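Notes follow once the structure below has been shown.
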Amino acid sequence: MRRTNLAQTGTDWKTEGNTADSSSFIGTTNPSCLQFRSNNIERMRISHDGNVGIGVDNPEERLDVDGDFQLHGDIIFTDYEDSQNSSLRILMIDSEGRTTKMSKSLFKAYSSWEDCFDINVGVTLPGQTGPVTVVAGTYSDWGKRIEGSKSILYTGSDCPAWVGIGTNLPMTKLDVRGDGRFLHGVNVGEEYTVNAGLYIENFLAHSDSYFDYLIMVKDENGDKLLQLNNDGLLRAREIKVDLEAWPDYVFEKEYQLMSLNEVKTFIEENGHLPNVPSAQEIEVDGVNLGDAAKTSMEKIEELTLYLIEINDKVEKQEATLEEQSKLLEEQQETIRLQQELIEALKKLSNKN
């Protein structure tokens, strides 16, 4: 059995294990590194000053790795695992790739941003070796929001960071590539008291965030499908309104059609058609497109009935006039014959 000599006691380390005391160790007693090999190839070493190197001959840090490594758990940084710790909560990475710490008060003294964390753009803050970039942080007043997590990404009101969900290159302040779900509505603008599932408020005209259109919807070819202007004008290719009933009841025999004289009297007294809202009502309550279309069709159908009724009267009058015209022609023919007879009688009388 192969054995390893114990430097302290002179005994051997057995490959199946030993019973060792607190003074036993495997290592070097001179300023030389401790090497670990497999297949006669060095895999790891511990330098004489205690730095561990993997793939590195002269490790310069406590752990110096040349290559990738895979982590299946958390990396716990002292003073960062407790979200309620108020002394050191900001984790930075400086220009040389080193982590450094900064308190919340010191961070805000160097930065005008409000609790801003940006992992894409370097934040010019003084570190031990140069400018540093904020990576993550925890604040005590986030305790209820964190709910056990060790860090949270947060962008304040003045933070230039862009957040991407489903994309490594966000094109706007919030860029989501995929579906989204909002349980309590979507608000765009400065008004927060309006109870609406979707609320859009335009900014001031001189603001950089001023909207040219409140709503703009385009198809896959970039053609406009829906456009809502700032003055309330809505443009669309087509609008379909679902209705429960259509006014074909006008053509039923039971429908009571007002006479034209009754319609005339109603207009003179009210200033609008029957069953049609007045101008004052429209100014106050607006107009429902479905009801307006239904009422318009009702009046069109009533007008059609009036036209049919008038046409029937005109046809009857035309028939009467035609009969009268025929009778007049017959009377004229009778008069002509009578005049011819009178003339013949006159001539006969003169001969006698």
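None of the figures in this text is laboratory data; all of them are computed from the coordinates on show. Just so you know, these numbers come straight off a predicted model, no measurement behind them. Quick reminder, even Gly has a Cβ in these numbers, built from the backbone with ideal geometry, and neighbours come from all protein chains shown.
In this rough spin-label picture, where each label sits 7 Å from Cα along the Cβ direction, the Lys264-Leu307 distance is 2.1 nm. Amide hydrogen proximity for Val176: with H placed 1.01 Å from N in the peptide plane, the residues at 5 or more positions away or on another chain lying under 5 Å are Ile165. The length gained on full extension between Glu61 and Thr19, counted as 0.36 nm times the residue separation minus their Cα-Cα distance, comes to 11.9 nm. The slack in the chain from Val314 to Glu283, taken as 0.36 nm per residue of separation less the alpha-carbon distance, amounts to 7.1 nm. Spin-label model, Tyr210 to Ser325: label points 7 Å out along the Cα-to-beta-carbon direction sit 7.0 nm apart.
Once a ≥ b ≥ c are taken as the square roots of the eigenvalues of the Cα gyration tensor of the stretch 3-65, is the result rounded (a/c under 1.5), prolate (a/b larger than b/c) or oblate (a/b not larger than b/c)?
Details: a/c = 2.50, a/b = 1.67, b/c = 1.50.
Cα axes put the stretch 3-65 in the prolate bin.
Given R0 = 51 Å, the distance between the Cβ atoms of Asp12 and Asp68 translates into a calculated FRET efficiency of 0.85.
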